[in-house]
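Enquirer: Pasting a structure below so you can have a look.
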Amino acid sequence: MKIFGFIKQLRWRSLTGVILALVATCLVGCGGAQVSGPATYTNEQLAQIEILAPRATELRVLFPELEEFIQNKDWVNISSFIHGPLGELRVRLNRLAMRLSPPDTKQAKYYAEEVAKHLEKLDAAAGAYNQVEAGNQYRQALDDLDAFIALIPGQTA
Ligand code: ZN
């Protein structure tokens, strides 16, 4: 009985080993070859990013308010919100983008310009009382802003 149990355990172990090997092979083989490693930062760089990041991400928190204005066709508030509370968004994003690793800086600057572009179009849509276009630009601005935030080390969109 004891020996039988031992053999069973051995078999189980080798089976587990095979499964682990398969999983490992898949991770290596199927793993995204296009996925580049995370950007590396010095502690000093991270500290600077840590100071600047909240100034940008705190504006992300305000976005649902903008969505509410669009839903309520509150055209005046859409415009004053874009130029008021969100007025500094572009500058803050660009300032933060400059602190990222060079390839991420390029990406982040692109997204910062995209966010600004969509907000300008949203402003224009509000001026034209066009709710569909306003909603469309709002979603694109949010997507680009989340893509920007995903580039910041230690942040998840
Ligand atoms: Zn865009």
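Enquirer: Counting Lys +1, Arg +1, Asp -1, Glu -1, what net charge surrounds R99 among other residues with beta carbon under 14 Å of its beta carbon?
Expert: +2
Enquirer: Something else: Expected output is a single nm value to one decimal: the length gained when fully extending between M98 and N72, i.e. 0.36 nm times separation in residues minus the C-alpha distance. What is it?
Expert: 5.7 nm
Enquirer: A follow-up question, please. When the chain is fully extended, how far beyond the present Cα-Cα distance does Q155 get from E50, taking 0.36 nm per residue of separation?
Expert: Stretched out fully, the Q155 to E50 stretch lengthens by 36.8 nm.
Enquirer: Can you compute the FRET efficiency between D143 and V61 using 1/(1 + (r/R0)^6), with r the Cβ-Cβ distance and R0 = 22 Å? Round to the nearest 0.05.
Expert: With a Förster radius of 22 Å, E is 0.85.
Enquirer: Tell me the Kirkwood radius of the range 37-93: reciprocal of the mean inverse pair distance over distinct alpha-carbon atoms, in Å.
Expert: Mean inverse Cα-Cα distance, inverted, gives 13.2 Å.
Enquirer: With the other protein chains left in place, how much accessible area per residue, in square angstrom, belongs to the range 61-151 at a 1.4 angstrom probe?
Expert: On a per-residue basis, 53 Å².
Enquirer: Continuing with the same structure: Would you mind telling me the share, in percent, of accessible area of the range 58-103 contributed by carbon and sulfur at probe 1.4 angstrom?
Expert: About 52 percent, which is the carbon plus sulfur part of the accessible surface.
Enquirer: Is the C-alpha gyration tensor of the range 61-151 telling us rounded, prolate or oblate? Criteria: a/c under 1.5 is rounded; beyond that, a/b larger than b/c is prolate, otherwise oblate.
Expert: prolate
Enquirer: Lysine pairs in the range 61-151 with alpha-carbon atoms under 20 Å apart, 8 or more places apart or on different chains: how many are there?
Expert: Value for the range 61-151: 4.
Enquirer: Here's another thing I want to ask about it. Show me the chymotrypsin sites (Phe, Trp or Tyr not before Pro) within the range 55-148 that DSSP assigns to loop and that have at most 11 other Cβ atoms within 10 Å of their Cβ.
Expert: Y129
The values are calculated or read from the model by the stated rules, or taken from the named source; none is laboratory data. It should be emphasised that the depicted structure is a prediction, and the values quoted were computed from it without experimental measurement. All Cβ positions, even for glycine, are placed from backbone atoms using ideal geometry, and neighbour counts span all protein chains on display. Just the protein is used for accessible areas: all its heavy atoms, side chains included, with ligands, DNA and RNA removed. Shrake-Rupley method; radii C 1.70, N 1.55, O 1.52, S 1.80 Å.
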